[in-house]
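What follows is a set of notes on a single structure, which appears directly below.
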């Protein structure tokens with residue numbers, strides 16, 4: 001495969017270059033991987049009531065989704081060690097094969113315990129696939145193509161976001177929830193075959209590394225920390241919830257400290273360092289993910305209880321934020337130089353502006369304004385995210401390229417888990433209660449959203465610090 005040469009200057013490559021010079025199968029793998037991962041998150045959320053009605057386990061209703069999320073965080077963090085040991089072709093094919101087997105196991109689940117275990121394994125494999133896709137982006141797409149493939153990546157996620165409820169709803173409607181897993185298996189099988197046939201044993205820009213012991217201890221501590229944070233979400237007692245979040249954060253910090261000195265790291269050396277471009281970018285990714293999750297968790301409740309939106313339309317209004325993200329991504333994907341820096345700097349500020357309007361209109365009969373504001377929030381994410389990811393990859397230290405890229409989806413999922421847990425604490429403090437009256441829900445959601453101005457403001461500050469460093473440009 002021939003990469004575009006640097007003599008083209010700062011111009012971005014045409015979209016068609018993603019499918020030229022032998023890049024077609026690699027582009028397909030990246031896009032198909034994010035589609036499979038996203039569909040498994042969204043479809044399962046729709047079919048869970050049907051699953052519980054069939055095999056029981058209502059007490060563990062949230063566990064299949066929770067275990068998938070935890071598994072995806074661990075899987076994405078494991079890409080570096082796994083690829084170092086087996087190489088891209090074997091590791092990526094193995095990851096997708098495990099995803100296939102876990103999907104089949106989910107379809108065959110006779111009870112909730114089986115399904116939870118299968119979803120946990122599927123989550124690990126999904127994390128390996130999505131993290132591996134990021135590793136392919138940094139290894140096989142040069143600077144001019146990187147924002148293009150990242151924009152396509154986000155567009156594919158948006159398509160999956162729209163298809164997920166439809167696919168899940170169709171199988172839930174006919175009462176055959178297992179069909180949503182079976183329908184996916186031919187695509188996953190094709191994914192496995194494509195990865196095995198097309199991927200090289202070693203990426204050109206990454207040297208062969210000596211196989212090292214797999215980081216079992218760090219992965220166990222990481223899993224425990226994420227599990228504590230994820231488990232805090234459904235717990236109602238404030239003391240127990242905060243204790244779990246605190247324990248989870250302590251375990252994560254311990255994992256990062258152990259990892260920094262390890263030979264087979266899960267994260268780059270500069271992870272969360274305020275003195276490095278990668279560390280600042282990681283903070284931004286985590287904080288933005290936390291804020292997005294909180295907004296998306298409470299938006300359906302706000303729409304239904306306060307604004308009396310029909311449940312059938314709530315999911316589509318909630319998608320407006322993702323639509324804004326996608327529009328923003330494609331609008332700026334070709335920007336370079338000063339315009340790229342403008343997109344990075346404005347992104348968190350636009351998010352803050354949109355969130356401010358949401359807070360002000362949360363309890364007012366201004367549904368159209370509220371909807372437009374959620375679009376603005378998503379747009380703010382979109383215009384900075386594509387360039388932030390590209391800069392993060394470019395700023396990686398020599399030898400850390402792969403682990404830096406693969407850590408990005410792990411951090412985003414970690415932000416999602418942390419956002420869900422923190423949202424639960426904030427809603428309890430706000431007195432959300434049984435969430436049945438507008439007089440209770442409106443002020444509580446407004447309070448939770450107001451509290452989330454803090455992480456967005458912090459992300460804006462970190463973005464300014466990142467721009468001042470002139471990272472990787």
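The values are calculated or read from the model by the stated rules, or taken from the named source; none is laboratory data. Source: prediction; values computed, not measured. Glycine gets a Cβ as well: all are built from the backbone with ideal geometry, and neighbour counts include every protein chain shown.
Scanning the range 293-333 for residues that are out of contact with any helix residue (DSSP H, G or I) (no Cβ under 8 Å at 6 or more places or on another chain) and at pLDDT 85 or above turns up just one, 308. So, in the range 430-446, exactly how many residues are in a helix (DSSP H, G or I) and touching a helix residue (DSSP H, G or I) at 6+ places or on another chain (Cβ under 7 Å)? Counting residues in the range 430-446 that are in a helix (DSSP H, G or I) and touching a helix residue (DSSP H, G or I) at 6+ places or on another chain (Cβ under 7 Å) gives 6. Within the range 163-206, if we keep just the residues that are out of contact with any helix residue (DSSP H, G or I) (no Cβ under 8 Å at 6 or more places or on another chain) and outside any helix (DSSP H, G or I), the residue that is nearest to residue 86 (Cα to Cα) turns out to be 176.
Selection within the range 303-341: residues that are closer than 18 Å to residue 147 by Cβ and more than 24 Å from the chain's Cα centre (by Cα). The member of this set that is surrounded by the most Cβ atoms within 10 Å (Cβ to Cβ) is 336. Just to be sure before I move on: is residue 353 at pLDDT 90 or above and surrounded by fewer than 24 Cβ atoms within 10 Å (Cβ to Cβ) in the structure I sent? Against the criterion (at pLDDT 90 or above and surrounded by fewer than 24 Cβ atoms within 10 Å (Cβ to Cβ)), residue 353 qualifies.
Return the only residue of 62, 44, 103, 50 being at negative phi and within 17 Å of the chain's Cα centre (by Cα). Can you show your working first?
Details: 62 fails: within 17 Å of the chain's Cα centre (by Cα); 103 fails: within 17 Å of the chain's Cα centre (by Cα); 50 fails: within 17 Å of the chain's Cα centre (by Cα).
Of 62, 44, 103, 50, the one residue that is at negative phi and within 17 Å of the chain's Cα centre (by Cα) is 44.
Do we find a residue being over 20 Å from the mean Cα position of the chain (by Cα) and either free of Cβ contacts under 8 Å to residues at least 40 places away in the same chain or in a helix (DSSP H, G or I) (or both) anywhere in the range 415-424? No - not one qualifying residue is present in the range 415-424. Residue pairs whose Cβ atoms lie under 6 Å apart, sitting 6 or more positions apart in sequence or on different chains, and linking a residue in the range 352-375 that is outside the structural domain of residue 284 (by TED's automatic domain parsing) and part of a helix (DSSP H, G or I) to a partner that is modelled with pLDDT under 95 and surrounded by 17 or more Cβ atoms within 10 Å (Cβ to Cβ), do not occur here.
Results for (1) modelled with pLDDT of 85 or more; (2) out of contact with any helix residue (DSSP H, G or I) (no Cβ under 8 Å at 6 or more places or on another chain); (3) closer than 25 Å to residue 184 by Cα; (4) not assigned by TED's automatic domain parsing to the domain that holds residue 108, shown as yes or no for each residue.
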| position | (1), (2), (3), (4) |
| --- | --- |
| 2 | no, yes, no, yes |
| 26 | yes, no, yes, no |
| 44 | no, no, yes, no |
| 68 | yes, no, yes, no |
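Here is a yes/no grid of residues against (1) surrounded by 23 or more Cβ atoms within 10 Å (Cβ to Cβ); (2) touching a strand residue (DSSP E or B) at 6+ places or on another chain (Cβ under 7 Å); (3) at pLDDT below 95:
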{"site": "368", "(1), (2), (3)": "no, no, yes"}
{"site": "373", "(1), (2), (3)": "yes, no, no"}
{"site": "394", "(1), (2), (3)": "no, no, yes"}
{"site": "418", "(1), (2), (3)": "yes, no, yes"}
{"site": "458", "(1), (2), (3)": "no, no, no"}
{"site": "472", "(1), (2), (3)": "no, no, yes"}
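The requirement of being farther than 30 Å from residue 337 by Cα, surrounded by fewer than 23 Cβ atoms within 10 Å (Cβ to Cβ), in contact (Cβ under 8 Å) with a residue 12 or more places away in the chain and in the same structural domain as residue 343 (by TED's automatic domain parsing) is satisfied by residue 430. Taking the conditions (1) touching a helix residue (DSSP H, G or I) at 6+ places or on another chain (Cβ under 7 Å); (2) over 13 Å from residue 301 (Cα atoms); (3) in a helix (DSSP H, G or I) in turn, residue 427 satisfies each one other than (2).
Out of 94, 128, 136, report the one residue that is more than 26 Å from residue 417 (Cα to Cα) and either at pLDDT 95 or above or touching a helix residue (DSSP H, G or I) at 6+ places or on another chain (Cβ under 9 Å) (or both).
94
Residues that are in a helix (DSSP H, G or I) and without any contact (Cβ under 8 Å) to a residue 40 or more places away in the chain within the range 447-473 comprise 447, 451, 454, 461, 468, listed in sequence order.
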